[in-house]
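A short write-up of the structure that comes next.
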Amino acid sequence: MRLNQSLVTANQFEKHLVNRRRRKNNGAKSIGFALMLTSMVDMFSMLVIFLLQTFSGSPEILVLKGMELPNSITPSVVKEATVLAIAKDGNLYLDQKLVGSVANVTKKPDELLNKLNLIKKQWNATHDTPFSGEMNFQADKDVDSTSVSMVMAILTSSQFQAIQLAVVGQQ
Amino acid sequence: MIGNTNRGSKKSLDFDLNLTSFIDLLSTCTCFLLITAVWIQIGTVEIKQSHGTEAAAPAKDSMDLDLVFKGPSEVLINLKKSGKQVKSFEVKSDSTATMLTKLNETLKSQVIDTKFVIATATVTPKTGVNYGQMVSALDVLRKNKIVNIGVLTERGK
């Protein structure tokens with residue numbers, strides 16, 4: 001594909017600016033270059049407007065490396081809460097810290113239950129309102145749904161009943 | 001930008017814009033917004049795992065919906081009133097995508113556009129059905145304004 005030469009070549013005004021600078025330097029070739037301030041300010045303004053439009057004030061949650069979240073056409077806003085994640089390899093992470101494999105955790109859930117109880121105690125110590133039971137849940141889209149439901153059973157038994165499934169929003 | 005159009009005693013409406021500070025401001029704004037920009041929009045699908053006394057009391061003339069996965073492209077919709085099954089629909093297709101489309105149509109025609117009011121919906125997963133497919137089914141329910149959704153857990157069975 002060939003570019004239209006008129007688009008890339010300097011116009012009369014730009015040539016004038018370059019020539020004026022050269023004349024100022026007694027004809028010597030300038031080491032510097034003429035910066036097109038108008039274009040630069042235009043570019044900055046457009047960038048700022050675009051970035052302001054895409055700016056999001058909702059809290060962000062960390063997603064495990066290599067995790068593919070399922071897509072959703074009806075996503076809600078993310079709320080700040082503890083993150084429980086099931087990776088593609090079947091490992092379970094609580095706030096990015098490995099708890100164990102789902103198979104082991106569902107057989108012996110004591111460790112996870114203790115950690116969940118600790119979170120609950122910390123929440124009760126810092127809040128006057130009753131425990132909300134909110135939990136951000138992440139799982140790879142290829143993980144078996146029964147593994148997810150077994151982990152949810154542990155969460156439900158620990159009074160984490162408002163589970164928010166992390167998804168990638170599609171508009 | 002720099003203009004002096006003072007004519008006589010009239011006060012000029014033009015003003016001088018300090019380009020250096022303007023560019024500084026724009027650069028700072030650009031840097032900040034680029035650093036804080038979110039490129040992947042992560043959202044949530046909320047489910048409520050209420051049971052026992054914590055579960056909301058069912059309203060009069062409302063029904064509960066059970067969505068039971070039989071396979072990746074086969075689901076069973078059970079409509080229950082006070083724990084008793086009233087109606088049942090089977091949705092089956094060759095692929096998950098077409099099954100979800102059929103599920104949406106069935107929900108619209110058989111449940112939403114009728115006199116039924118759905119209080120709660122429960123999704124029962126099955127081995128062989130992955131989490132992505134389950135979330136897609138939850139999505140179909142939410143699209144049909146069924147928001148009080150729970151997932152039947154192993155202990156709930």
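Couple of notes before you dig in:
- Among the residues making up the range A:62-84, those that are of a type outside the set (Val, Ile, Thr) and under 24 Å from B:Val147 (Cβ atoms) are A:Leu69, A:Pro70, A:Asn71, A:Ser72, A:Pro75, A:Ser76, A:Lys79, A:Glu80, A:Ala81, A:Leu84.
- Residues within the range B:116-152 that are within 22 Å of A:Ala85 (Cβ to Cβ) and of a type in the set (S, T, N, Q), tallied: 4
- Count of the range B:36-50 residues which are farther than 19 Å from A:Ala153 by Cα and assigned to a loop (DSSP other than H, G, I, E, B): 5
- Only one of the listed residues (B:Asp94, B:Asp139) is surrounded by fewer than 16 Cβ atoms within 10 Å (Cβ to Cβ) and either of a type outside the set (Val, Ile, Thr) or within 10 Å of chain A (Cβ to nearest Cβ) (or both). That residue is B:Asp94.
- Pairs meeting the criteria (first residue in the range A:95-112 and assigned to a helix (DSSP H, G or I), second residue hydroxyl-bearing (Ser, Thr, Tyr), beta carbons under 7 Å, at least 6 apart or on different chains) are A:Val102/A:Ser147.
- Conditions (1) over 18 Å from the mean Cα position of the chain (by Cα); (2) modelled with pLDDT under 90; number of the one not met by A:Lys79: (1)
- Of the criteria (1) facing chain B (nearest Cβ under 9 Å); (2) in contact with a Gly (Cβ under 8 Å, 6 or more places away or on another chain); (3) assigned to a strand (DSSP E or B), which one A:Leu92 fails: (1)
- Matching residues, the range B:97-128, being more than 20 Å from the chain's Cα centre (by Cα), within 14 Å of another protein chain (Cβ to nearest Cβ) and of a type outside the set (Gly, Ala, Ser): B:Lys126, B:Thr127
- Hits in the range B:84-132 (condition: touching a Lys or Arg at 6+ places or on another chain (Cβ under 8 Å), assigned to a helix (DSSP H, G or I) and under 16 Å from B:Asp66 (Cα atoms)): B:Asn104, B:Gln110, B:Ile112
- Matching residues, the range B:19-55, being exposed (fewer than 10 other Cβ atoms within 10 Å of the Cβ) and either at pLDDT 85 or above or touching a Leu at 6+ places or on another chain (Cβ under 8 Å) (or both): B:Thr20, B:Ser21, B:Ile35
The values are calculated or read from the model by the stated rules, or taken from the named source; none is laboratory data. Since the structure is predicted, the reported quantities are computational estimates derived from the model, not experimental observations. As a convention, Cβ positions derive from the backbone with ideal geometry for all residues, glycine included, and neighbour counts pool all protein chains shown.
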